[in-house]
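Working notes, beginning with the structure itself.
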Amino acid sequence: MTINFLDLYNDVASQPWSMFDSGAENKEDFEPALVSSINKAIIDIWYSYPFPFRIKKYNFTTMPKFNKYELPGGNILNEANIQDNLFSVKIDKKYLDYNPELEAASEYGMPEEFGIDENNIIFSSIPDKRYKVVIKYLSLSIGFDKKDNEIFYLENPTDYIDIPQKYEALFKNTILAKALVDSIASVNDENYAGYRLQFDKAYKLLIKIANPVKKSMSVKF
């Protein structure tokens, strides 16, 4: 399901004591301060935890004699629940070892290791034929524009966040409370404590729903 930015903006603006006008119909109606607060809230929440809805798969096929390929837009998933220091890079369903000091390869064959070179993943051995590579990663982009391009900041009415329906209402409520906390100038404001409490409860519940079995470490803002 999708969370449309225009709807999200008006929902935040219509909250009690929000100090912003709701009823926006286009970008010209947006107040920059509220746009900034909403995006800060989304980014703080999005990057704070490896939520299941952030996990994406990146598939590609190697070419013979080429060992460097572009990385997806995110962080490769650490499969610590399976084994320490195991990262989700597979070739033909086999995990590759991560070597942070991987040197230039000279041998050809099925890769056994991978390393990172700026925005690229490199393999050793050098692929001798076509291999199917699957990388699971935590997406850094928070949404999409109307052409479905990944974006890192919501600013247009048609921008949207795409997450599974079971998380939608709770994620949205967490954003609402955090955006209002961030938009209140002083912690001494009479409304600050109420929205802070609302956010803390919503965030903890979101973590619980996202991770119903394994207990997570607490995250503080």
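Read the figures in this text as sums done on the coordinates, not as results from a lab. No experiment lies behind these values; they were computed from the predicted model shown. Note that we place each Cβ from the backbone using ideal geometry, even for glycine, and neighbour counts take in every protein chain shown.
In a reduced charge model with +1 at each Lys and Arg Cβ and -1 at each Asp and Glu Cβ, the range 4-66 shows a dipole moment near 820 debye about its Cα centre.
Couplings for the range 77-93, taken from phi via the Karplus curve 6.51 cos²θ - 1.76 cosθ + 1.60 with θ = phi - 60°, read 5, 8, 8, 5, 6, 9, 6, 4, 6, 9, 10, 7, 10, 10, 10, 6, 6 Hz in order; Gly and Pro are left as x.
Under a 5 Å amide H cut-off, with hydrogens placed 1.01 Å from N, Tyr47 pairs with nothing among residues at least 5 apart or on other chains.
Counting only residues at least eight positions apart within a chain, or on another chain, the lysines with an alpha carbon under 16 Å from that of Lys68 are Lys90, Lys129, Lys132. Our estimate of slack between Asp97 and Lys40, defined as 0.36 nm per intervening residue step minus the Cα-Cα distance, is 16.9 nm. Of all lysines in the structure, the ones whose alpha carbon falls short of 28 Å from that of Lys204, not counting any fewer than 8 places away in one chain, are Lys40, Lys56, Lys57, Lys136, Lys166, Lys172, Lys178, Lys214, Lys215, Lys220. Computed from Cα atoms, the angle from the helix 192-210 axis to the main principal axis of the chain rounds to 30 degrees.
For the range 18-81, would you read off the P(r) tail past 19 Å as a percentage of all alpha carbon pairs?
On the way: 1202 of 2016 pairs.
Percentage above 19 Å: 60.
If I fit a long axis through the Cα atoms of helix 165-183 and take the longest principal axis of the Cα atoms of the chain, what angle between them do I get, 0 to 90°, rounded to 10? Result, in degrees: 60. Beta bridges per DSSP, both residues in the range 55-139: antiparallel share near 85 percent. Rounded to the nearest 10 degrees, the angle from helix 32-46 to the longest Cα principal axis of the chain is 50 degrees.
Would you mind pulling out the separation of the Cα centroids of the range 141-215 and the range 68-119, in Å? Going from one Cα centre to the other spans 32 Å. Distance distribution P(r), the range 55-139, all Cα-Cα pairs, bin width 5 angstrom from 0: 3, 16, 27, 29, 17, 7, 1 percent.
Please get the size of the charge dipole for the chain, origin at its Cα centre, with Cβ charges of +1 on Lys and Arg and -1 on Asp and Glu, quoted in debye to the nearest 20.
Numbers: 26 positive and 32 negative charges, 215 e Å.
That gives a dipole near 1040 debye.
The residue list Asn211, Asn188, Asn4 was ranked by how far each Cα lies along the charge dipole of the chain toward its positive end, using unit charges on Cβ atoms, and Asn211 comes out on top. The Rg/Rh ratio for the range 81-126, using Cα coordinates for both the radius of gyration and the Kirkwood hydrodynamic radius, is 0.96. The C-alpha atoms of the chain occupy a region whose extents along the principal axes are 66, 38, 29 Å, arranged from largest to smallest. Once the chain from Asn188 to Phe152 is taken as fully extended at 0.36 nm per residue, the excess over their C-alpha distance is 9.8 nm.
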